[in-house]
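The block underneath contains the structure these notes are about, expressed in structure tokens.
The values are calculated or read from the model by the stated rules, or taken from the named source; none is laboratory data. Computed from a prediction, not measured in an experiment: that's the story for all the values here. Heads up, the Cβs are rebuilt from the backbone with ideal geometry, glycines too, and the neighbour counts pull from every protein chain shown. The protein model used for the area step is the full one, side chains on, heavy atoms only, and it has no ligands, DNA or RNA in it. Shrake-Rupley method; radii C 1.70, N 1.55, O 1.52, S 1.80 Å.
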Amino acid sequence: MNQNSLILIKPDGLVKSLTGNILTRMSETKLEIVAAKIVRVSPELAKAHYQHLADKPFFDELITYLQGQLHDRRKVMAMVYWGEDAINKVRALAGATNPEEAEPTSIRGAYGRITSKGIYENVIHASSDAIEAEREIKLWFEPDEIILDAFPTKTETLNDVKKRVWAKA
Ligand code: UDP
Ligand code: MG
């Protein structure tokens, strides 16, 4: 079954200059990239993304980590990969959550580390199941930022919406 999966190259992956390596490894899956952007992560977005971990003792540090405050690199690269069995394929390539338990040849096994505070800096996020993938993709992307109809949309006419536009054409 064709699926969408959200992949984030986390700030540690960016600071270690791993973007190219990770994209090359990801191409082993033969999945398609259907959306990609660089995002400055707000505290609200980070907390919503990791809402399932809100009661964990490491939650505050995790939110700081995703925002790039631990790496002086306040951004992540967000992507949607699409194709047959996308979620499991990407999870297998990403490896286990704990980089010390991850297969050495997986992305997390090869590049991740555990900080002295005990946070798993595991370089990438990958959606864990179809329900989480849908929730996460809707959190990180607008429908028009994805080049296929990932999920049903509706059209609304918005009045009085303020947004920045280019000052000159
Ligand atoms: N994490 C951590 N310590 C833990 C569990 C999770 O530092 O004991 C961090 C780690 O960066 C992980 C993220 O929190 O990637 C989200 O945790 P989750 O259990 O959702 O694992 P994932 O889906 O990323 O494998
Ligand atoms: Mg998860």
| query | Which residues, taken from the stretch 109-140, are within 12 Å of ligand 2 (Cβ to nearest atom) and under 19 Å from K16 (Cα atoms)? | reply | Y120, N122, I124, H125, A126
| said: Return the residues of the stretch 63-107 that are open to solvent by 20 Å² or more (accessible area, probe 1.4 Å), under 21 Å from I146 (Cα atoms) and among the aliphatic types (A, V, I, L, M); say none if nothing qualifies. | reply: M77
| Given the residues E145, E103, which is the only one that is within 15 Å of ligand 1 (Cβ to nearest atom), of a type in the set (D, E, K, R) and either over 15 Å from D12 (Cα atoms) or free of Cβ contacts under 8 Å to residues at least 24 places away in the same chain (or both)? | E103
| query | Would a scan of the stretch 73-84 turn up a residue that is assigned to a helix (DSSP H, G or I) and either on the phi > 0 side of the Ramachandran plot or modelled with pLDDT of 95 or more (or both)? | reply | no
| remark: Flagged in the stretch 6-23 as part of a helix (DSSP H, G or I), farther than 16 Å from D72 by Cβ and touching a residue at least 60 places away in the same chain (Cβ under 8 Å), in numbering order, are N21, I22
| request: Return yes when K10 is within 16 Å of Y111 (Cα to Cα) and either touching a Gly at 6+ places or on another chain (Cβ under 9 Å) or at pLDDT below 95 (or both) and no when it is not. | output: yes
| said: Quick check on my filter: what residues within the stretch 105-117 are assigned to a loop (DSSP other than H, G, I, E, B) and within 22 Å of K75 (Cα to Cα)? | reply: G112, T115, K117
| field | Conditions (1) in a helix (DSSP H, G or I); (2) out of contact with any helix residue (DSSP H, G or I) (no Cβ under 6 Å at 6 or more places or on another chain); number of the one not met by I33 | value | (1)
| Restricted to the stretch 125-169, and to residues that are surrounded by 11 or more Cβ atoms within 10 Å (Cβ to Cβ) and small (G, A, S), which residue is modelled with the lowest pLDDT? | A150
| query | Using beta carbons and a limit of 9 Å, which pairs, at least six apart or on different chains, have the first residue in the stretch 42-67 and within 12 Å of ligand 1 (Cβ to nearest atom) and the second one charged (D, E, K, R) and at pLDDT below 95? | reply | F58/K117; E61/K117
